[in-house]
Amino acid sequence: MSRRARIAFLCVVTCAALAQSHPPKGVVWKPQPIIYSRSLPDATVPKEMVGRLQVSNLDIVLEHTEIKDAQARFGGTLGAEGDAGDSLEWLCLRGADPTGQWVLWLESGEIDGGSIGSFQWRRVTPRTTFDNRCAALSPAGSAVKLPIALRLGIPETEVLRVLGKPTTRRGGTLLFVHEHQEVIKGEPFAALNTTTVLLRDGRAWAIEIGTSTPS
């Protein structure tokens, strides 16, 4: 994969988009960046980590489930900003578990063609205020499940047990990068899968997953 393609992919996964209209300061609406770097390190993780998730019993397969289908299921308003390779569309969902409130952003960049290519699941404080464009999930079904034992609130030791050694670490931010080659119509392509975990007080505060595979 070219350096330009790597940068474009990472920006889709980790760069915050500007809201169409800015909500008051401190109000949750647009995705918040975990990593500000615009370069992706060489992959070190030997196998794909996460390519799907379940939200309130809806199975979402990254790069296959359309973001508009998720909106039809959960409601809310699609946010969008940017042009061409820098464009990002997102659906903001909010819910809670016994530990507290969280927000989930389902994201679709230009390279995803309308499908959900990445997501971020983040814990928020009890005093957090949500923009009314961020859909509230039903308390009875407010749950996010990943196919591996990774979830908000687990200690760093458990994160490392599940994912192994991170590709890179900066303070409390762990980045795991997987890459493998695929051949489509005789042409080689690089398929990427990244997982970013933000730690706070030694526990997972935010989890961000992104994929990029040839189509």
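If you check Asp59, Asp97 for being modelled with pLDDT under 95 and on the phi < 0 side of the Ramachandran plot, only one passes: Asp97.
Cβ-Cβ contacts under 6 Å between residues 6 or more apart (or on different chains), taken from a first residue in the stretch 193-215 that is under 16 Å from Pro46 (Cα atoms) to a second residue that is among the acidic types (Asp, Glu) and surrounded by fewer than 17 Cβ atoms within 10 Å (Cβ to Cβ), are listed as Asn193/Glu48.
From the list Ala70, Ala80, which one is farther than 25 Å from His178 by Cβ, among the aliphatic types (A, V, I, L, M) and touching a residue at least 12 places away in the same chain (Cβ under 8 Å)?
Values: Ala70 fails: farther than 25 Å from His178 by Cβ.
Of the residues listed, the single one that is farther than 25 Å from His178 by Cβ, among the aliphatic types (A, V, I, L, M) and touching a residue at least 12 places away in the same chain (Cβ under 8 Å) is Ala80.
Under the condition of being surrounded by fewer than 18 Cβ atoms within 10 Å (Cβ to Cβ) and part of a strand (DSSP E or B), which residue from the stretch 177-186 is modelled with the lowest pLDDT? Applying the filter and picking the extreme gives Ile184.
Can you find even one residue in the stretch 187-199 that is in a loop (DSSP other than H, G, I, E, B) and surrounded by fewer than 14 Cβ atoms within 10 Å (Cβ to Cβ)? No, the stretch 187-199 has no match at all. Only a single criterion out of (1) part of a helix (DSSP H, G or I); (2) in contact (Cβ under 8 Å) with a residue 24 or more places away in the chain is not satisfied by Leu174, namely (1).
The values are calculated or read from the model by the stated rules, or taken from the named source; none is laboratory data. As the structure is a prediction and not an experimental result, all values here were calculated from the model. Because the Cβ atoms are built from the backbone with ideal geometry, glycine has one as well, and the counts that use them run over all protein chains shown.
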